[in-house]
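Student: Okay, handing you the structure first.
The values are calculated or read from the model by the stated rules, or taken from the named source; none is laboratory data. If you're wondering where the values come from, they're calculated on a predicted model, not measured in any experiment. Every residue, glycine among them, receives a Cβ derived from its backbone with ideal geometry; neighbour counts consider all protein chains shown.
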Amino acid sequence: MTIPVLKFDAVVVGAGGAGLRSAIQLSEAGLKTAVLSKVFPTRSHTVAAQGGVAASLGNSEEDNWHWHMYDTVKGSDWLGDQDAIEFMCKKAVEAVVDLEHYGMPFDRVDNGRIYQRPFGGHMSNFGEKPVRRSCAAADRTGHAMLHAMYQRNVKANTQFFVEWMALDLIRDGEGHVVGVSAMEMETGRIVIFHSRATIFATGGAGRIFASSTNAFMNTGDGLGMAARAGIPLEDLEFWQFHPTGVAGAGVLITEGVRGEGGILRNASKERFMERYAPNAKDLASRDVVSRAMTTEIKEGRGCGPHKDHILLDITHLDPATILKRLPGIREISIQFAGVDPIEAPIPVVPTAHYQMGGIPTHYDGRVVVPREGDPRSVVPGFYAAGECACASVHGANRLGTNSLLDLLVFGKSAGDSAAEDLKSGKAHRDLPKDAADRIRARVDALDKRTGGIPVFEARKAIANTMQHHAGVFRFSDLLKKGVTKILEVEKAIQNLEIKDKSQAWNTARIEALETENLIEVAKATMVSAEARKESRGAHVRDDAPDTPEFPNGRNDKEWLKHTLWFRDGNRIEYKPVSMTPLTVDTIALKTRSY
Amino acid sequence: MEAEAFNRLRWRCVRRGMLEVDIALTRFLDSSFATLSEAGQQAFAELADFDDLELWHLISGQKVCEDARLAAIVAMLRAPVDSVPVT
């Protein structure tokens, strides 16, 4: 069986912030570079990022990378690798300056310097007081970033393959990555992109949860491909949740609503936060509010016919206040919950927002796996950056505005490392003889199958299982059952059926292929979460509570280590956290409190 | 609209950069698109080509659509619907 082969020096999968940033490095180094994307680049999910980019420019007040590093280590609940965090925080200023040179329209102050605003968790002088560190372009930071970097790529002659879906990573007999297979949606034809360097920048997989703020395209394609190719996935138990997403839709309702006096109520209309946080009540921190909401629902006090959500009530506020101070929220509620919050409360649930784990990488962007006693052995030819990768800088929890920084810094370093590795001018390694057969067989099996389960049912099964068994607050019994359940769902997914067998724009086939990626991330998340018997950062278990011996439930003696989940055998290994920064002293372990 | 053109439009509606736009376009496509005239369908396809933020500003009423042809579709997109697609 033959499949057309296109040869490039480098192929980048994903055209969001990380993919575009790495492609700039590759193309400007004179390498023939292809970028594959399911959507037009400026419609990547990076467009939804509004908060800004963290960088210690010190434009508004004194700041430095070491303080930023401290905040990031603390935010990560000490699970972040301190060498990678130092690298990222040091490179932040350069990352912002590069963007400025690409034409990014940052907000400015009167003297022409970039305006910086404060953001949660970013402090001066090692946690002393808030500092202005976030650089933004109004409420369109991600949008402006994508446009600036896309233009730069066009100038550098990057070749874009838009509305193409990558299918599988191709590794040769010695484990080198030699390219990817991909499908052109317009025709349904499959092509092999034969490359000397392959960079994954495919974003997160928030769609594994029923309630997610992620766009529909965030199906963890890079993670699925990596897992099928024998690459482990790191720290997938750590997902950041936001307490108030619109139930059923996932669209975010900002904290500002509770700031204006919004109250969370259960089925008996009780203001339950008074029991969980008598002082802060509804304004307690995100994790406290999310846990309280989940407990109310788990104990049968949820609202609605399925008792599966909480109500966010602002009906007691003056309508004029709502219209003046919360106009966007009223619109979101009307559009996505079907209720006018002036008249009725908004149904909300804790909602998945960001994936801290991913494909294990070194801070230079090279993908690393354990081999012969070395926990960070390089997979030749393979690089990853952005939300799909785990460097690991976010550890167990991410600080706001560090995600855009992550994709800029590691997108660049993945591109630089690939360019460096290709300098020697070595020829393309041979494709494995069965590369074409393997991918053809996978797609043909899907096309020919009859009597299987439809894609929407499979998606629903994944999303409901993950939301119920591995949501924001985790219960030992639910996690155990969740592992069994998600493996049952996996079995059903091996039997996916699509009715539409056409070639051109067959969205059913693409959605089925995405589902095969989602299930890998779902399994990794469930199994890793069940295995980690402590609470740390965003992973909070009921059987690992706050005690004097283990503050916040964190157990550094046994669990200061990264999880690595392997698809083969559905097994887990661990690797040490890097506690040694590049040039400064270790930021010593202590209890994370704000 | 021909099947192939519709399928292409469908992909460009169900895979957007912002969840808000994903939902708004997908549910419109499933619930109302077939009822539009050919000109209305063409106008919807033009809107689907807008950037996500631009489109969201129109759908959420933060900006007003000056083009009457497109504004009629925006008004339909703005109508509240209580079901959200599963994708």
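Student: Being among the small types (Gly, Ala, Ser), more than 7 Å from chain A (Cβ to nearest Cβ) and not in a helix (DSSP H, G or I) is the filter here; which residues of the stretch B:9-67 pass it?
Tutor: If the condition is that a residue be among the small types (Gly, Ala, Ser), more than 7 Å from chain A (Cβ to nearest Cβ) and not in a helix (DSSP H, G or I), then B:Ser32, B:Ser37 are the ones that fit.
Student: Quick check, is A:Lys91 among the basic types (Lys, Arg) and touching a helix residue (DSSP H, G or I) at 6+ places or on another chain (Cβ under 6 Å)?
Tutor: Working: among the basic types (Lys, Arg): yes; touching a helix residue (DSSP H, G or I) at 6+ places or on another chain (Cβ under 6 Å): yes.
Yes, satisfied.
Student: When you look at A:Val53, is it buried (at least 23 other Cβ atoms within 10 Å of the Cβ) and under 23 Å from A:Cys390 (Cα atoms), yes or no?
Tutor: yes
Student: Cβ-Cβ under 9 Å, sequence separation 6+ or interchain: first residue in the stretch A:56-67 and without any contact (Cβ under 8 Å) to a residue 40 or more places away in the chain, partner surrounded by 17 or more Cβ atoms within 10 Å (Cβ to Cβ) and hydroxyl-bearing (Ser, Thr, Tyr). Which pairs?
Tutor: A:Asn64/A:Ser56; A:Asn64/A:Ser124; A:Trp65/A:Ser56
Student: Restricting the search to the stretch A:540-594, which residues are among the aliphatic types (A, V, I, L, M) and surrounded by 12 or more Cβ atoms within 10 Å (Cβ to Cβ)?
Tutor: So in the stretch A:540-594, the residues among the aliphatic types (A, V, I, L, M) come out as A:540, A:544, A:560, A:564, A:572, A:577, A:579, A:582, A:584, A:587-589.
Passing the criteria: A:Val540, A:Ala544, A:Leu560, A:Leu564, A:Ile572, A:Val577, A:Met579, A:Leu582, A:Val584, A:Ile587, A:Leu589.
Student: Among the residues of the stretch A:216-245, how many are touching a His at 6+ places or on another chain (Cβ under 9 Å) and either surrounded by fewer than 24 Cβ atoms within 10 Å (Cβ to Cβ) or within 30 Å of A:Val339 (Cα to Cα) (or both)?
Tutor: Adding up the residues that qualify gives 7.
Student: So, in the stretch A:545-565, how many residues would count as being in contact (Cβ under 8 Å) with a residue 24 or more places away in the chain, within 23 Å of A:Ala389 (Cβ to Cβ) and either out of contact with any strand residue (DSSP E or B) (no Cβ under 7 Å at 6 or more places or on another chain) or among the charged types (D, E, K, R) (or both)?
Tutor: Qualifying residue count, the stretch A:545-565: 1.
Student: Could you please find all residues in the stretch A:206-215 being crowded, with 24+ Cβ neighbours inside 10 Å and either more than 13 Å from the chain's Cα centre (by Cα) or closer than 22 Å to A:Tyr574 by Cα (or both)?
Tutor: Within the stretch A:206-215, A:Ser211 is the sole residue that qualifies.
Student: Also, quick follow-up: Could you identify the single residue in A:Lys501, A:Lys481 that is within 26 Å of A:Lys460 (Cα to Cα), in contact (Cβ under 8 Å) with a residue 24 or more places away in the chain and in contact with a helix residue (DSSP H, G or I) (Cβ under 8 Å, 6 or more places away or on another chain)?
Tutor: The match here is A:Lys501.
Student: To continue, here is another question. Would you tally the residues in the stretch A:123-152 being touching a strand residue (DSSP E or B) at 6+ places or on another chain (Cβ under 9 Å) and more than 21 Å from A:Ala48 (Cα to Cα)? Spell out the reasoning first.
Tutor: Start the filter on the stretch A:123-152 by keeping residues that are touching a strand residue (DSSP E or B) at 6+ places or on another chain (Cβ under 9 Å), which leaves A:123-125, A:129-136, A:141, A:145, A:150.
Applying the additional criterion that residues be more than 21 Å from A:Ala48 (Cα to Cα) yields A:123-125, A:129-132.
Total satisfying the criteria: 7.
Student: Which residues, taken from the stretch A:247-284, are in a strand (DSSP E or B) and either modelled with pLDDT of 95 or more or within 17 Å of A:Leu399 (Cα to Cα) (or both)?
Tutor: If the condition is that a residue be in a strand (DSSP E or B) and either modelled with pLDDT of 95 or more or within 17 Å of A:Leu399 (Cα to Cα) (or both), then A:Ile263, A:Leu264, A:Arg265 are the ones that fit.
Student: Still on this model: Out of (1) within 24 Å of A:Thr219 (Cβ to Cβ); (2) more than 21 Å from the chain's Cα centre (by Cα), the odd one out for A:Gly451 is which?
Tutor: (1)
Student: Among A:Ser22, A:Ser56, A:Ser27, A:Ser60, which is the only one that is assigned to a loop (DSSP other than H, G, I, E, B) and out of contact with any His (no Cβ under 7 Å at 6 or more places or on another chain)?
Tutor: A:Ser60
Student: What are the residues in the stretch A:30-53 that are in a loop (DSSP other than H, G, I, E, B) and more than 14 Å from chain B (Cβ to nearest Cβ), if any?
Tutor: A:Gly30, A:Leu31, A:Lys32, A:Gly51, A:Gly52
Student: Return the residue satisfying two criteria in turn: it lies in the stretch A:138-149 and is within 11 Å of chain B (Cβ to nearest Cβ) and farther than 13 Å from A:Thr401 by Cβ, and of such residues it is modelled with the lowest pLDDT.
Tutor: This residue is A:Asp139.
Student: Considering every residue within the stretch A:372-389, establish whether at least one is touching a residue at least 40 places away in the same chain (Cβ under 8 Å) and more than 23 Å from A:Leu169 (Cα to Cα).
Tutor: no
Student: Given the criterion at pLDDT 95 or above and closer than 28 Å to A:Ile3 by Cα, identify the matching residue among A:Gly204, A:Gly230.
Tutor: The unique qualifying residue is A:Gly230.
Student: Pick out the one residue from A:Gly175, A:Gly222, A:Gly179 that is of a type outside the set (A, V, I, L, M), in contact with a strand residue (DSSP E or B) (Cβ under 8 Å, 6 or more places away or on another chain) and either free of Cβ contacts under 8 Å to residues at least 24 places away in the same chain or in a helix (DSSP H, G or I) (or both).
Tutor: Going through A:Gly175, A:Gly222, A:Gly179 in turn, the sole match is A:Gly222.
Student: Can you pull out the helices (runs of 4 or more DSSP H) entirely within the stretch A:419-537 that have at least 3 residues that are under 24 Å from A:Thr213 (Cβ atoms)? Can you show your working first?
Tutor: Numbers: elements: A:435-448, A:455-469, A:476-493, A:507-531.
Correct list: A:455-469, A:476-493, A:507-531.
Student: Sticking with this structure for a sec: Could you please find all residues in the stretch A:418-452 being within 30 Å of A:Asp364 (Cα to Cα), small (Gly, Ala, Ser) and surrounded by fewer than 24 Cβ atoms within 10 Å (Cβ to Cβ)?
Tutor: Result: A:Ala419, A:Ser424, A:Gly425, A:Ala427, A:Ala435.
Student: How about the stretch A:302-342: which of its residues are within 14 Å of chain B (Cβ to nearest Cβ) and in contact with a Cys (Cβ under 6 Å, 6 or more places away or on another chain)?
Tutor: Residue satisfying the conditions is A:His309 alone.
Student: For A:Asp287, are the conditions met, namely being out of contact with any helix residue (DSSP H, G or I) (no Cβ under 7 Å at 6 or more places or on another chain) and in a helix (DSSP H, G or I)? Outline the logic, then answer.
Tutor: Numbers: out of contact with any helix residue (DSSP H, G or I) (no Cβ under 7 Å at 6 or more places or on another chain): yes; in a helix (DSSP H, G or I): yes.
Answer is yes for this residue.
Student: Next up: Residue by residue through the stretch A:103-143, note down the ones that are touching a Gly at 6+ places or on another chain (Cβ under 8 Å) and hydroxyl-bearing (Ser, Thr, Tyr).
Tutor: Answer for the stretch A:103-143, where residues must be touching a Gly at 6+ places or on another chain (Cβ under 8 Å) and hydroxyl-bearing (Ser, Thr, Tyr): A:Ser134, A:Thr141.
Student: Then there's this: Can you tell me which of A:Ile199, A:Ile253 is of a type outside the set (Phe, Trp, Tyr), away from every other protein chain (no Cβ under 14 Å) and either over 12 Å from the mean Cα position of the chain (by Cα) or at positive phi (or both)? Even if it seems obvious, please write down each step before you answer.
Tutor: Working: A:Ile253 fails: away from every other protein chain (no Cβ under 14 Å).
Answer to the selection: A:Ile199.
Student: Spot the failing condition for A:Ala215; the list is (1) assigned to a strand (DSSP E or B); (2) within 13 Å of chain B (Cβ to nearest Cβ); (3) among the small types (Gly, Ala, Ser), and only one is missed.
Tutor: Just one mismatch for A:Ala215, condition (1).
Rundown of residues vs (1) without any contact (Cβ under 8 Å) to a residue 60 or more places away in the chain; (2) surrounded by 19 or more Cβ atoms within 10 Å (Cβ to Cβ); (3) under 20 Å from B:Ala5 (Cβ atoms); (4) not hydrophobic (A, V, I, L, M, F, W, C), yes/no style:
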site	(1), (2), (3), (4)
B:Ser32	yes, no, yes, yes
B:Gln42	yes, no, yes, yes
B:His57	yes, no, no, yes
B:Val64	yes, no, no, no
B:Arg69	yes, no, yes, yes
B:Ala75	yes, no, no, no
